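The next block holds one structure in the form of structure tokens; read it before the comments.
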Amino acid sequence: MENENIIRKFLYGEMPEEERFEFEEKFITDEDLFEQIKSFEDELIEKYVREWMDSAERLKFEKYFLNTKKRREKVDFSSLMISKVKEEARVFKKNDEVISEDSVWQKLAGFFQTPQIVAAISFTILVIGVGGWLLYQNFGDGDSELVENQRKDVTQMPERNFTPTPRVSPDGLPKNLKDNLSNKDNTNINTAVRKTPKPANSSNRKNPTPIKTPIIKVAPNPVLALFGGTVRSRGKNNVLNLPKNSRGATLMLNLESEDYKTYQAQLTDADGRLVFARGNLRARKLKIGFFVSAKYLKKGDYIIKLSGKSVRGENESVADYQFRVN
Amino acid sequence: MAVNFLILMHKNLSAADLEQFLDLLDPNRGQAAEKYIALRTRLEMFFEWRDCENTEGLTDIVFDRVIKKIIQGEKIRNAEAYCVSIAKFVLLESRRERLRTSEFDENSIGIIANIPAKDSIKEKGTRDQQLNCLEKCLAKLSADKRKLLTDYFNTDEKNFITTRKCLASGLGITLNTLRIRVCRLKSILEKCTKDCCQEC
């Protein structure tokens, strides 16, 4: 730990000159110390590219570390290598899951043999299935049957083409489920089912097709930290990898100082067209964060022009932040 | 082979002069060559950590001067320590030269760091090329080394220390040794990727 603090001081140029020369003499003649310094440097770079540093250290890193071409190239390479290795790890994990799935099912097959377990699992699946179906109804068109029926002025539901799951009895509820649900729920569900019109093609009932409860997978919204004041922040153009299903991204603008009460951010594309703007932003701990919907973040290069509102109410330019959406 | 290698690096010096230098490093010629390469790496990093751009050139100057001193009859006991003292002088001279030839000002470090961005299309092409080369270089690694990298970096901020301690424990090594091992692998990949990009 003490060694790490000394190495950190060395790498950030915080050692007095005499002490530094002594330290340099040591590592040039001591291979072990040299390797330690190199590996610590690598770890610092990793923390930087993975945004694991706090803002104070990040500023220090950018000021003292990114001031040679070689080190910027090192940071670039680290970023590329770590993303590539993480991508490989995801692929390996997925393959492992596919392989192990069979063996898990094989193990569970034996467990499912006992009648009590079979009954319990079937009941659970039925509950989940009905619950999922009800959720689907709720989120499907926004006209939830349950919500509708809780109102006093119940209205007819629009016709829907659906067929009940094979396990659902004609009135829309499995018998054992009716017994176990609360009366209130029963009423709502029963009413919902009664209100639901019969499917257009009744012959479907003979060979009902199972309803797949859609599982809407929402990708997490990424956060991109941006630094102003430099054209190439962190030694590279900032890249936002926006997942397909994400709603958008949070852009976190880092400030060198908080000189204004409120700020305005204007997002322009590579052609200088204003794409999105957000005003009345407030800085917090030298950061301004705001969410941008994915519809404004098509692939390409962008610039955020940040301006602060002066006392006289005029917008004064603070910094520009560049990034690219992939 | 070591001497030939050195001759390529230091064209103005004779084979005999270079052999004297290698003898200082180690009587065994093979070991001497390895020590030379290791020493060279450390000197280059010395200059890099002192914010020098031309690290290879400056390191060459150090070795040239050390070898010249040997030719002049200077008695050198420890070649590595001697190289360090020469390196300090070379560093100071390099700094004076930079001050003399540029408008370098200690207070404008921030400005020096602000190097204009490359053309974004060109940079994207370079990055794609780098990615292709990295993939080729990763493919050259053995499966266990590749797995080591994957296991090492596949973690998050909260758990990375624990994950790596477990990884090190599983391999029967200390965390420090694991870091050094990964650092070496990364250097190999970086060099391989750089060489590949230069060939393209």
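Derivation of every value follows stated rules applied to the coordinates shown; laboratory data play no part. Keep in mind the model is a prediction, meaning the values are calculated, not measured. Here the Cβ positions follow ideal geometry from the backbone for every residue, glycine too, while neighbour counts run over all protein chains shown.
What to note about this one:
- Inter-chain Cβ neighbour count for B:70-77, averaged per residue, equals 0 (cutoff 10 Å, partner chain atoms only).
- Hydrodynamic radius of region A:223-325 per Kirkwood, over alpha carbon pairs, in Å: 13.8 Å
- Counts of other chain beta carbons within 10 angstrom of each beta carbon in peptide A:36-48 average 4.
- Straightening the chain between A:Ala277 and A:Arg90 buys 63.7 nm, computed as 0.36 nm per residue apart minus the Cα-Cα spacing.
- Residue-wise HN-Hα coupling along region A:56-68, computed from phi with Karplus coefficients 6.51, -1.76, 1.60 (Hz; x: Gly, Pro): 5, 5, 4, 5, 4, 4, 5, 6, 9, 10, 8, 9, 10
- Take each residue in A:80-93, count the other chain C-beta atoms within 10 Å of its C-beta, and the mean is 6.
- The Stokes-Einstein estimate for region A:2-78, based on a Kirkwood radius over Cα pairs and taken at 20 °C with 1.002 mPa s viscosity, is a diffusion coefficient of 164 µm²/s.
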